[in-house]
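Undergrad: One structure, pasted below without further comment.
Read-outs throughout are calculated quantities, based only on the coordinates presented, and are distinct from any laboratory measurement. Keep in mind the model is a prediction, meaning the values are calculated, not measured. So basically every Cβ, Gly included, is an ideal-geometry build from the backbone, and we count neighbours across all protein chains shown.
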Amino acid sequence: MVVPFWAWAAVLGVILVMLAVDLFAHRRAHVVSVREAAVWSAVWITLGLAFGGVVWWVWGADPAAQYFAGYVIEKSLAVDNVFVFAIIFGYFAVPREHQHRVLFYGVLGALVFRAVFIAAGSVLIASFSWILYLFGAFLVLTGVKMARQKDEVVDPERSAVLRLFRRFVPMTDRQHGHRFLVREGGKWVATPLLAVLVLVEVTDIVFAVDSIPAIFAVTQEPFLVFTSNAFAILGLRAMYFLLADLMHRFTYLKLGLALVLVWVGVKMLLLDVYKIPTAASLAVVAAILAVAVGASWWKTRDATPEPGAGIKSDSESKSGPEIEARSETGSDRS
């Protein structure tokens, strides 16, 4: 597959234009409603599917199938991010009207970090083809570990990243609206919102360690790996506001994602034995996710709504002193 420079330039141009449109549409802090999130989700999904159509038209059916497989894998694994983001926002009592700002810059950073990871992975694969087997084994082990894990409470206070941030970066415990930095006592200090942004970035990097090798299982073409990643995570902000209040309904989603990782890992390990068609691989992934989501919603059909911890408005958020007290309590535990 030959990808000319103009194709890369066009993709980057589309991404930058859409990010600018998104930033303009959300230039004023406001609570993102479920309806607005659904509309934006539809926009991002349509954009991703349309690009798949362009790949089909320019390069053919097989590259398009590889793109769609990577897109579906990345989109499904991104749902796990939503749960962690909600916990982080809830822990720091980030008002809902400021959460989009954090996620916007979080996605911007994610695109950069993932581009670096994909470039590094492509170079490694081109130099050492056997590294695909390491990726495959890693995905299988990760999937098995995920399947065996019981539900664990994610506690940001125990995060080594947060402890290091507090240790080396002067930080106020009070919220200051949408600002990441403020002046206090004649010096610049970080706000809790900047700590949240750092945790969101690190969370995405951790998840990328799983998702990028998974996409290399269906295609080793850097252009397809990057674009499937990019168009999938561009809709992460809208997905968060759409699904954060419904995460308690996805009972079997983690098991489904674990099976997806195992499947793509096995596919990678069998590269020299039997090359599983991309369309078949995509069908298996879609079937696993459909069963996991369907079974989850059936099991929780009578569940009462449990609003996500991260879905709060300014009037509902905790005050500065409450955050400060919790921070001091957490420091005592440390």
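Undergrad: Could you check which residue among Ala232, Ala61, Ala20 shows the biggest mean-square fluctuation in a GNM of the chain with a 10 Å Cα cutoff?
TA: Among Ala232, Ala61, Ala20, the largest GNM mean-square fluctuation belongs to Ala20.
Undergrad: Related question: Quick one: length gained pulling Val112 to Trp6 fully straight, 0.36 nm per residue minus the C-alpha distance? Provide the component values of the computation, followed by the final result.
TA: Numbers: separation 106, 0.36 × 106 = 38.16 nm, distance 1.95 nm.
Extra length from Val112 to Trp6 when fully extended: 36.2 nm.
Undergrad: When the Cα atoms of the range 32-333 are enclosed in a convex hull and the volume is divided per residue, what value in Å³ results? Intermediate results must be reported in sequence, preceding the final value.
TA: Working: hull volume 44.9 nm³, N = 302.
Cα-based convex hull of the range 32-333, divided per residue, equals 149 Å³.
Undergrad: Once phi is turned into θ = phi - 60°, what whole-Hz ³J(HN,Hα) does the Karplus curve with 6.51, -1.76 and 1.60 give for every residue of the range 83-93, x standing for Gly and Pro?
TA: Here the 3J(HN,Hα) series is 4, 5, 4, 4, 5, 4, 4, x, 4, 8, 6 Hz.
Undergrad: Stretch Val58-Val169 to full length: gain in nm at 0.36 nm per residue minus the Cα-Cα span? Show your work: numbers first, answer last.
TA: Working: separation 111, 0.36 × 111 = 39.96 nm, distance 4.88 nm.
Fully extending the segment from Val58 to Val169 adds 35.1 nm.
Undergrad: Here's a follow-up. With springs connecting C-alpha atoms under 10 Å apart, model the chain as a Gaussian network and identify which of Pro63, Pro192, Pro170 has the largest mean-square fluctuation.
TA: It is Pro170.
Undergrad: Continuing with the same structure: Express in nm, to one decimal, how much length is gained between Val161 and Phe128 on full extension, taking 0.36 nm for each residue of separation and deducting their alpha carbon distance. Write down the numbers at each step before the final one.
TA: Details: separation 33, 0.36 × 33 = 11.88 nm, distance 3.22 nm.
That pair, Val161 and Phe128, stretches by 8.7 nm at full extension.
Undergrad: Taking the chain as the reference, fit the longest principal axis to its C-alpha atoms, fit the long axis of helix 96-127 to the helix C-alpha atoms, and give the angle between the two in degrees, 0 to 90, nearest 10.
TA: 40 degrees
Undergrad: Would you work out which of Ile15, Gly136, Val55 lies farthest towards the positive end of the dipole of the chain? Charges go on Cβ: Lys and Arg +1, Asp and Glu -1.
TA: Final value for the positive-end residue is Ile15.
Undergrad: For helix 253-269, report the angle its Cα long axis makes with the longest principal axis of the Cα atoms of the chain; keep it between 0 and 90° and round to the nearest 10°.
TA: Long axis of 253-269 versus the principal axis of the chain: about 40 degrees.
Undergrad: From zero outward in steps of 10 Å, how is the percent of C-alpha pairs of the range 1-159 spread across the bins?
TA: For the range 1-159, the binned pair fractions read 8, 27, 35, 24, 6 percent.
Undergrad: Hey, can you grab everything whose amide H is under 5 Å from the amide H of Glu184? Only 5+ residues off in sequence or another chain; H modelled, so Pro and N-termini drop out.
TA: Residues meeting the amide H criterion: Val189.
Undergrad: Sticking with this one: For Leu181 paired with Val34, estimate the spin-label separation in nm (one decimal), with each label point 7 Å from Cα along the Cα-to-Cβ line.
TA: Inter-label distance under the simple model: 4.0 nm.
Undergrad: With springs connecting C-alpha atoms under 10 Å apart, model the chain as a Gaussian network and identify which of Val169, Val31, Val84 has the largest mean-square fluctuation.
TA: Answer for the Gaussian network model of the chain: Val169.
Undergrad: A further question on this structure: With +1 on each Lys and Arg Cβ and -1 on each Asp and Glu Cβ, how big is the dipole of the chain about its Cα centre, in debye rounded to the nearest 20? Intermediate results must be reported in sequence, preceding the final value.
TA: Details: 29 positive and 26 negative charges, 38 e Å.
The calculated dipole for the chain is roughly 180 debye.
Undergrad: What nm distance separates the two modelled labels at Phe24 and Asp272, each placed 7 Å from Cα along Cα→Cβ?
TA: Reported label-point gap for Phe24 and Asp272 is 5.3 nm.
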